Amino acid sequence: MTLRLPLSHKRHATIISAYTPTLISSEEAFEQFYADLSSIFSTIPAILEDFSARVCSTHGRWDGVLGRHGVGKVNSNSLLLLSKCAEFVLVIANTVFRLTNKYKNNWIHPKSKQWHLIDYVIVRQRDLREVNVTRVMREAESWTDHSLVRTILNLHIVPHHHCQPKLVHTAFNTARLRYPSVLQKFQSKLNEKLSVTGPLTGDPVQKWNQFREVLTDAPKLELGPKKRHHQEWFEETNTYCH
């Protein structure tokens, strides 16, 4: 089972939940399972959960794949798992964090009554810094031979914003109205526009649009747009530079 989470425009996190065949399964079933898993690893940058196997605590032989805090001994299924992790640059997050064994082991053997770690959270080695903790959750109200393994990740999902057209409001050079000649021309042009347009018609919205168009055309012709003057950071007239 796979779950693909969009984090940003070009980044995704893929969660894969996989269950290996049991130890009583045939060798062909194991080979087919790991062949299918390899094809998934080669196409998806994955975060893998709930992988049944039993790995050992000797991290020196599997540097980068196992952390310093693994538990248990190796079994026949774990070599296949560790080999795949080494091939695709994965790390078993359960073995990275320093916890007591009761927060690592999640399954009790029905005969020996010994607890073992068989379910794993496996991530890319480059994404290990995004894992806060991976631990077993023990039930307080009921007993079960299989406990839940939980991991906390730092996944920052960027909210999607719809692109909207940017409204540009033109600022007119109203400073020119200080000059009597410009003020007189502006008033004449405004009266001329209002006379040509005539009485405003339609509903209130249509009347406002007609009046706004008149008030926009008159200053556009007589006043012009306001020019923005950017002061240079370093210039001789700047008193802060002296």
Of the residues in segment 106-120 that are of a type outside the set (A, V, I, L, M, F, W, C) and in contact (Cβ under 8 Å) with a residue 40 or more places away in the chain, the one that is surrounded by the most Cβ atoms within 10 Å (Cβ to Cβ) is 120
In this structure, is residue 14 hydroxyl-bearing (Ser, Thr, Tyr), more than 18 Å from residue 107 (Cβ to Cβ) and at pLDDT below 80?
no
message: Condition check: under 26 Å from residue 40 (Cβ atoms), modelled with pLDDT under 85 and of a type in the set (S, T, N, Q). Does residue 76 satisfy that?
response: yes
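State the number of residues belonging to segment 4-23 that are within 17 Å of residue 120 (Cβ to Cβ) and without any contact (Cβ under 8 Å) to a residue 40 or more places away in the chain. Steps first, please.
As a first pass, look at segment 4-23 and keep what is within 17 Å of residue 120 (Cβ to Cβ): 14-23.
Add one more test, that the residue is without any contact (Cβ under 8 Å) to a residue 40 or more places away in the chain, and what stays is 14-19, 21-22.
Qualifying residue count, segment 4-23: 8.
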Restricting attention to segment 195-213, the residues that are part of a loop (DSSP other than H, G, I, E, B) and open to solvent by 90 Å² or more (accessible area, probe 1.4 Å) number exactly 1
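Within segment 75-88, track down each residue that is of a type outside the set (Gly, Ala, Ser) and crowded, with 16+ Cβ neighbours inside 10 Å.
77, 80, 81, 82, 84, 85, 88
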Every listed condition ((1) in a helix (DSSP H, G or I); (2) more than 20 Å from residue 24 (Cα to Cα); (3) not small (Gly, Ala, Ser)) holds for residue 81 save (2)
So, first residue assigned to a helix (DSSP H, G or I) in segment 178-193, second residue open to solvent by 100 Å² or more (accessible area, probe 1.4 Å), Cβ within less than 8 Å, six or more apart or across chains; the pairs are 189/221
- Message: Being at pLDDT below 75, of a type in the set (D, E, K, R) and out of contact with any Asp or Glu (no Cβ under 8 Å at 6 or more places or on another chain) is the requirement here; does residue 68 meet it?
- Response: no
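Out of the residues in segment 21-42 that are assigned to a loop (DSSP other than H, G, I, E, B), more than 26 Å from residue 155 (Cβ to Cβ) and among the polar types (S, T, N, Q), which is modelled with the lowest pLDDT? Steps first, please.
Taking segment 21-42 and keeping what is assigned to a loop (DSSP other than H, G, I, E, B), we get 21-26, 42.
From the residues that got through so far, the ones that are more than 26 Å from residue 155 (Cβ to Cβ) too are 21-26.
From the residues that got through so far, the ones that are among the polar types (S, T, N, Q) too are 22, 25-26.
On the way: 22: 77, 25: 83, 26: 86.
Going through the qualifying residues, I end up with 22.
Between 149, 91, 123, which is assigned to a strand (DSSP E or B), without any contact (Cβ under 8 Å) to a residue 60 or more places away in the chain and surrounded by 12 or more Cβ atoms within 10 Å (Cβ to Cβ)?
Numbers: 149 fails: without any contact (Cβ under 8 Å) to a residue 60 or more places away in the chain; 123 fails: without any contact (Cβ under 8 Å) to a residue 60 or more places away in the chain.
From the options 149, 91, 123, the qualifying one is 91.
The values are calculated or read from the model by the stated rules, or taken from the named source; none is laboratory data. From a predicted model like this one, the values you see are computed outputs, not experimental measurements. No Cβ is skipped: glycine too gets one built from the backbone with ideal geometry, and neighbour counts run over all protein chains shown. Just the protein is used for accessible areas: all its heavy atoms, side chains included, with ligands, DNA and RNA removed. Shrake-Rupley method; radii C 1.70, N 1.55, O 1.52, S 1.80 Å.
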